[in-house]
Amino acid sequence: MNETEYEVFALRYAYRNDNRASSTFYRFELYKEPEKEYPMDYFFWVVRNKDRTLLVDCGYTRARALERGRTLTASPTDLLARIGVTPDAVDHVVLSHMHWDHIGNVGLFPNATFSLARREFEFWTGPYADRPCLSLALGDEELEAIKSLERQGRLFLIEDDTHELYPGIRLITSPGHTPGQLVADISTRSGSVVVASDALHYYDEMSLDRPFHVFTELEGMYRTYHLLRSLAARPRTWVIPGHDPVVSSAFTEVSEDCLDLTAPIA
Ligand SMILES: [Zn+2]
């Protein structure tokens, strides 16, 4: 593997089985389809090569899982250990967006720097973030932890719509679900892995062009699905949604709940 290619893993740390289509898609009644179960998985992602180890997002704490009625199957540190990563070996964490289920464990990584889109940071520290329809997706503790990273000089705020974080890792700002949702386009030995995080919760959003029910900009959601479809149309490219249980059966499991995204199951 050369220095611009990475291994990429999805680590599944939690799930919920009580989710349905009508609580997944915006205005689901428009499609005139019967109600259906939509189980939800929770992942974060590891991106590494011989030079560096990065995460995309870092999950939530056991306390938050209890509070929100989610089932946590393993702590992030236990999952990382299954693929040989210790928290102090994590160099950098890309925060795809500032929803509680993606940024809850930033304190676990003492040697890491972090990146986040500037427009995401400014939105959640701005005048409208405390409105109930928005603030339900972000806890005070999580917000404080991100502000603290910024004060410590450990938070890199991305200005550009497309940003090369390291050779072989491109971050694309894709507004819609949140104002500064990031998508990571990563080079690997087997092609490109696009970690969409919550730019795409489920593959069905992209294939059926159906917006998820939580967003700050509806047109942006459609634009982002279009972008993801065009990325997926490139040769040897795998787009990875943030919450779809299909991921667990589509890629090779190297250890329990640790999926090698460079090894799709044909
Ligand atoms: Zn999420």
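Since every read-out is calculated from the coordinates, none of them should be taken as a lab result. The structure presented is a predicted model; accordingly, all values stated were derived computationally and were not measured. Because the Cβ atoms are built from the backbone with ideal geometry, glycine has one as well, and the counts that use them run over all protein chains shown.
Annotations for the structure displayed:
- P(r), alpha carbons of segment 187-262 - 10 Å bins starting at zero, rounded %: 19, 50, 26, 6
- Loop sites in segment 118-153: chymotrypsin sites (Phe, Trp or Tyr not before Pro), DSSP, at most 11 other Cβ within 10 Å: 128
- The antiparallel fraction among DSSP beta bridges confined to the chain stands at about 70%.
- Counting only DSSP H runs of at least 4 residues, each contributing -39500 (n - 2.57), and dividing by the residue count of the chain, the helix-based mean residue ellipticity at 222 nm comes to -6500 deg cm²/dmol.
- In segment 62-202, inverting the average of 1/r over every pair of distinct C-alpha atoms gives 16.1 Å as the Kirkwood radius.
- Binned Cα-Cα distances of segment 7-261, short to long, each 5 Å bin given as a whole percent: 1, 6, 14, 19, 22, 19, 13, 6, 1, 0, 0
- Using Cβ point charges alone (K and R +1, D and E -1), the dipole size of segment 110-266 about the Cα centre works out to roughly 500 debye.
- Span per principal axis, largest first, for the Cα atoms of segment 53-120 (Å): 34, 30, 16
- Pair residue 136, residue 35: separation of 7 Å Cα→Cβ label points (nm): 1.7 nm
- For segment 202-245, a Kirkwood hydrodynamic radius built from all Cα pairs, placed in the Stokes-Einstein relation at 4 °C and 1.567 mPa s, yields a translational diffusion coefficient of 118 µm²/s.
- D by Stokes-Einstein for segment 30-83, Kirkwood Rh over Cα pairs, 37 °C, 0.692 mPa s: 235 µm²/s.
- Within segment 7-261: Cβ-based charge dipole about Cα centre, in debye rounded to nearest 20 (Lys, Arg +1; Asp, Glu -1): 280 debye
- Protection-proxy order for peptides 5-14, 76-85, 25-34, each taking the mean of Cβ atoms within 10 Å per residue, highest first: 5-14, 76-85, 25-34
- Segment 141-198 shape via C-alpha gyration tensor axes, a/c threshold 1.5: prolate
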